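K.L.:
Just dropping this structure here.
The values are calculated or read from the model by the stated rules, or taken from the named source; none is laboratory data. Only a predicted model underlies this, so the values are computations on that prediction, with no experimental measurement involved. So basically every Cβ, Gly included, is an ideal-geometry build from the backbone, and we count neighbours across all protein chains shown. Quick note on the areas: whole protein, heavy atoms, side chains included, nothing else; ligands and nucleic acids left out. Shrake-Rupley method; radii C 1.70, N 1.55, O 1.52, S 1.80 Å.
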Amino acid sequence: MSEDLSEEIKDLSAAEKAKLKKLMEKEARSFRVPTGFWKWLVAILGAVMVLFYFYSAGLRAVATQYHRGVYVFVTYVLVFLLYPAGKVRIRLLLGLALGAIISGSIAALLFFPDVATFHATLMGFGERWSSQGVVAAFSDGGAVIGLGLATLAITAALLPVDTLMTRRWPQLPALSDILFAVASALVVYYWIHEFEALNYRAGAENEMDALVSVVGIFLSLEVARRVLGWSMTIIGLAFLSYGYFGPHFPEIIAHRGFGIERLCTSLYLTTNGVFGVMASVLATYVILFIFFGAFLQKSGAGKFFIDLPLAVAGRTTGGPAKVAVIASAMFGSVSGSAIANTVSTGAFTIPLMKRAGFRPHVAGAIEPAASIGGMFLPPVMGAGGFLMAELTETPYSYIMMISVFPALLYFFSVFCMIHFEAKKLKIQGLVGEEFPHWKEVLKKDWYFSLPLIIITVLMILGRSPGFSAFWATISCIVISWFQAETRMGIAKIWDAIQTGARNTLVIGATLGVIGIIVGTISLTGVGLKFSDIIISLAHGNLLAALGLVGLASLVLGMGVPVTAAYLITAVLAVPPLGDMGVPIICAHMIVYWFSQDSNITPPVCVAAYAGAAIAGSDPWKTGWTSFKYAKLLYVVPILMAFTPSILFQAKTVNITMPAIDDEIPFATVMKIHVKPGDHFVAGDKIVTVLSGDQPIEVHAKREGDVKHIAIPNGGMVNSGEVIVAGEQMATPHLIISSFVSAILGTIAFSALTMFYWIRKTTLPEWLILAVATILLYTPGLVTDLSGIALVAIVWFLQRTKNKRDALLPAAAA
């Protein structure tokens, strides 16, 4: 657990701290805290990384190989120095691998004429093994036998030394850790140094390229294992196996297969793998915002993020829980981690909720339910928003703009559910507690909001996210000097630099395996096949496809961090959603929202378990209660798919071929009555087709504009095939209508799921609210008025019951 989080939870009991530590290690393993020379080496490496990326973002851009390579270089070295290898049996296997790397390197440099000869010897041994068997391979493989013996000797020497060092200096790296750090530094340096040459000989890599790539891929897997555990490493190994054993898989996902060298060179040396999109996004955007978050915390803004919500909502119905929602929105918008958000704000808000009367499992559930909303709220949105901008080739400022309303809608839903729960349980706001009015808080501490304002305004003005983060970070130092107790001197700035560097390691550890996964998908072409699988399983039904994508995100999120789950699922699931008519940005946003579900959805729900540890409640019960408050996480993606105007996107309105009731399985397009750019309304004749000898007129079912003609006159068309591609533009009226419908629907949905409107709902009232919710979530004047009428009916019925119940005591008296 990081030092910052330890500071946040200092008031918790020892048992609660131990629980939290165990839970945080599900997200990332605990790291060493070295002393002496190693402490300063780690600190200097971290500082170099932070200062280098601030320099490249705010002052002068650097070449691609340095921009991506420096981050991978420092991350890999720091991981090997800070994260222990694990148990003895793991160290034995790693010792064998390290022994092979060392013995092979020495042999290639000292005992063979050149690297090509060494490589040929290894390849010849492998060919004899596969064609003639083990005995024949070893009978004519004296050099390889020598390498094997050298490997065993090095391993035998390393193990006792490692054991001794680990026992005597548990917080310092062992000898094998140091050698792994050196090896990782050398293979990453090779990529940086050879970057331009590698581009020229792409597809014709030499022997040294191949050997470095194999070692680089192995080290990437080991970095992920040390920080994130076996789950993500196994997924990476599974994709490597898929790339190698392609012909042996079921026909629907089979491919020709690739050799080890071909796989490794493609995944390590090219920009489609380890140094690909994930490394680019992390180095360009994410780590700068992680640095910004560290500086913002050190500036004293964290107290403002608690004081303002407390002043605004503390005395209202269910006040402490509403404070948790507002504080989580403010802190989560820059923290980039639902778990860190839960622990940081929850250490204050969860005890406050318990004191106000919320049951422990409810208090422990509300905080993580609110905390994941921070992953959707600009300016930071975790790493997913930056990945989305990169994958869709869309400015991040636009991603920010379209994300604001859905994020606020999510917080609004949690807010409403809390209100209904507090009304049901008669929980009032904080009484007898002294805290200032919100105007006083703003008057005293308003300047703590300046970094967020600066970062947002600069991106809106068209500046790059990195440049914006740079100046926002500088502003954190400036605002800290407004009060004596928060001033950031040299020591605090150094501490913020170290915190920022350490905080990048968890997400940095994922980039190697994510590169392997994304690169394998690209190399094998399985992404296109996965589209067919999704569409086939869903039988063309968009709602069923959304269910499959949500399930895939949940299962994947059980084993990998949510950012990795988003990227992997996006590569596979966005194309089929696009094929089913969902705009690409909407498809990405759907996948991104679903990728957060493992934080609060049992059986994993690490954020909810962290809340349970603070609340002292049952983790399983807390997890399900957290899911109850976060249900809009599953509703908003459905809205994005069926009402894309909520994200300012046009809705697909395609003209498709109706079912053909004829022995001939296709029809001929006789005449298309529209052209690109034409506007049509429901009932307009769009196409005339000939099925057999029967002409069929195809009419528009809703209003839209023609994008392009998919099948021209004289073309053949099958049932369900798109003839004319159209869209319904997201006009200001349609956007406002979808916003209003979403807000009204969320109020009804919250009452529906909490079984409370102005009193507990009966079954008939609940069914009326269910119908009202569906109507209100459907944009349109008629549906909105109908939904409001149904909600009003429930309100009238419950108000009548309340009046009747109020008269009963008087009648009895």
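K.L.:
Select, from GLY95, GLY99, GLY86, the only residue that is out of contact with any strand residue (DSSP E or B) (no Cβ under 7 Å at 6 or more places or on another chain), open to solvent by less than 60 Å² (accessible area, probe 1.4 Å), of a type in the set (Gly, Ala, Ser) and free of Cβ contacts under 8 Å to residues at least 60 places away in the same chain.
P.N.:
Selected residue: GLY99, the only one of GLY95, GLY99, GLY86 that is out of contact with any strand residue (DSSP E or B) (no Cβ under 7 Å at 6 or more places or on another chain), open to solvent by less than 60 Å² (accessible area, probe 1.4 Å), of a type in the set (Gly, Ala, Ser) and free of Cβ contacts under 8 Å to residues at least 60 places away in the same chain.
K.L.:
Output the number of residues of the stretch 567-609 satisfying the condition of being among the hydrophobic types (A, V, I, L, M, F, W, C), open to solvent by less than 10 Å² (accessible area, probe 1.4 Å) and part of a loop (DSSP other than H, G, I, E, B).
P.N.:
3
K.L.:
Considering every residue within the stretch 376-397, establish whether at least one is open to solvent by less than 20 Å² (accessible area, probe 1.4 Å) and over 19 Å from the mean Cα position of the chain (by Cα).
P.N.:
Checked against the condition, which is being open to solvent by less than 20 Å² (accessible area, probe 1.4 Å) and over 19 Å from the mean Cα position of the chain (by Cα), the stretch 376-397 yields no hits at all.
K.L.:
Yes or no: the stretch 628-636 includes at least one residue that is of a type outside the set (Val, Ile, Thr) and open to solvent by 60 Å² or more (accessible area, probe 1.4 Å). Working first, answer last.
P.N.:
Kept after step one, since they are of a type outside the set (Val, Ile, Thr), are these residues of the stretch 628-636: 628-634.
When the remaining residues are screened for being open to solvent by 60 Å² or more (accessible area, probe 1.4 Å), the result is 628.
Yes.
K.L.:
Within the stretch 459-486, work out how many residues are without any contact (Cβ under 8 Å) to a residue 40 or more places away in the chain and part of a loop (DSSP other than H, G, I, E, B).
P.N.:
Looking only at that region, the number is 4.
K.L.:
Might you check whether a residue that is more than 26 Å from the chain's Cα centre (by Cα) and under 19 Å from GLN498 (Cα atoms) occurs anywhere in the stretch 80-88?
P.N.:
Within the stretch 80-88, one or more residues are more than 26 Å from the chain's Cα centre (by Cα) and under 19 Å from GLN498 (Cα atoms).
K.L.:
Mind checking whether some residue in the stretch 247-255 is modelled with pLDDT under 90, buried (at least 22 other Cβ atoms within 10 Å of the Cβ) and not in a helix (DSSP H, G or I)?
P.N.:
The answer is no; no qualifying residue exists.
K.L.:
Got a sec? Which of PHE125, PHE37, PHE73, PHE118 is in a helix (DSSP H, G or I) and at pLDDT 95 or above? Quick ask: steps written out before the conclusion?
P.N.:
Details: PHE125 fails: at pLDDT 95 or above; PHE37 fails: at pLDDT 95 or above; PHE118 fails: at pLDDT 95 or above.
Sole residue among the options that is in a helix (DSSP H, G or I) and at pLDDT 95 or above: PHE73.
K.L.:
State whether one or more residues within the stretch 352-367 are assigned by the TED database to the domain that holds VAL441, under 19 Å from the mean Cα position of the chain (by Cα), part of a helix (DSSP H, G or I) and hydrophobic (A, V, I, L, M, F, W, C).
P.N.:
No, that holds for no residue.
K.L.:
Residue check: is GLY243 under 23 Å from SER130 (Cα atoms), assigned to a helix (DSSP H, G or I) and in the same structural domain as ILE90 (by the TED database)?
P.N.:
yes
K.L.:
Sticking with this one: What's the number of the condition ASN713 fails, among (1) among the polar types (S, T, N, Q); (2) open to solvent by 50 Å² or more (accessible area, probe 1.4 Å); (3) part of a strand (DSSP E or B)?
P.N.:
ASN713 satisfies every listed condition except (3).
K.L.:
Looking at the stretch 428-438, is at least one residue in the same structural domain as ALA321 (by the TED database), at pLDDT 85 or above and either surrounded by 17 or more Cβ atoms within 10 Å (Cβ to Cβ) or not in a helix (DSSP H, G or I) (or both)?
P.N.:
No: zero hits.
K.L.:
Please pick out the residue among SER371, SER337 that is open to solvent by 10 Å² or more (accessible area, probe 1.4 Å) and closer than 15 Å to ALA608 by Cα. Break it down into steps so the answer makes sense when it comes.
P.N.:
Working: SER371 fails: open to solvent by 10 Å² or more (accessible area, probe 1.4 Å).
Result of the check over SER371, SER337: SER337.
K.L.:
Which condition does GLY515 not pass, out of (1) within 23 Å of the chain's Cα centre (by Cα); (2) farther than 29 Å from SER56 by Cβ, if it passes all the others?
P.N.:
GLY515 satisfies every listed condition except (2).
K.L.:
Criterion first (open to solvent by 70 Å² or more (accessible area, probe 1.4 Å), under 23 Å from ALA153 (Cβ atoms) and not charged (D, E, K, R)) does LEU110 satisfy it?
P.N.:
Yes; evaluated as a whole, the condition is true for this residue.
K.L.:
Moving on to the next point. Looking at the structure I just gave you, is THR753 over 19 Å from PHE411 (Cα atoms) and buried (at least 20 other Cβ atoms within 10 Å of the Cβ)?
P.N.:
Here the answer is no, as THR753 does not meet what is asked.
K.L.:
Being within 19 Å of SER299 (Cα to Cα) and either open to solvent by 20 Å² or more (accessible area, probe 1.4 Å) or in contact with a His (Cβ under 9 Å, 6 or more places away or on another chain) (or both) is the filter here, so list the residues in the stretch 499-523 that pass it.
P.N.:
Result: ARG502, ASN503.
K.L.:
Moving on to the next point. How about the stretch 60-80: which of its residues are farther than 18 Å from HIS193 by Cβ, in contact (Cβ under 8 Å) with a residue 40 or more places away in the chain and aliphatic (A, V, I, L, M)?
P.N.:
Listed by number, the residues that qualify are LEU78, VAL79.
K.L.:
Just the residues that are modelled with pLDDT of 80 or more and open to solvent by 80 Å² or more (accessible area, probe 1.4 Å), please, taken from the stretch 528-540.
P.N.:
Scanning the stretch 528-540 gives LEU537, HIS539.
K.L.:
In addition: Tally the residues that are surrounded by fewer than 18 Cβ atoms within 10 Å (Cβ to Cβ) and within 24 Å of PRO406 (Cα to Cα), restricting the search to the stretch 756-777.
P.N.:
3
K.L.:
Then there's this: Anything in the stretch 146-175 that is of a type in the set (Gly, Ala, Ser) and free of Cβ contacts under 8 Å to residues at least 40 places away in the same chain? List them, or say none.
P.N.:
If the condition is that a residue be of a type in the set (Gly, Ala, Ser) and free of Cβ contacts under 8 Å to residues at least 40 places away in the same chain, then GLY146, GLY148, ALA156, ALA157 are the ones that fit.
K.L.:
Only one of (1) surrounded by 22 or more Cβ atoms within 10 Å (Cβ to Cβ); (2) in contact with a Phe, Trp or Tyr (Cβ under 8 Å, 6 or more places away or on another chain); (3) not in a helix (DSSP H, G or I) fails for GLY273. Which number is that?
P.N.:
(2)
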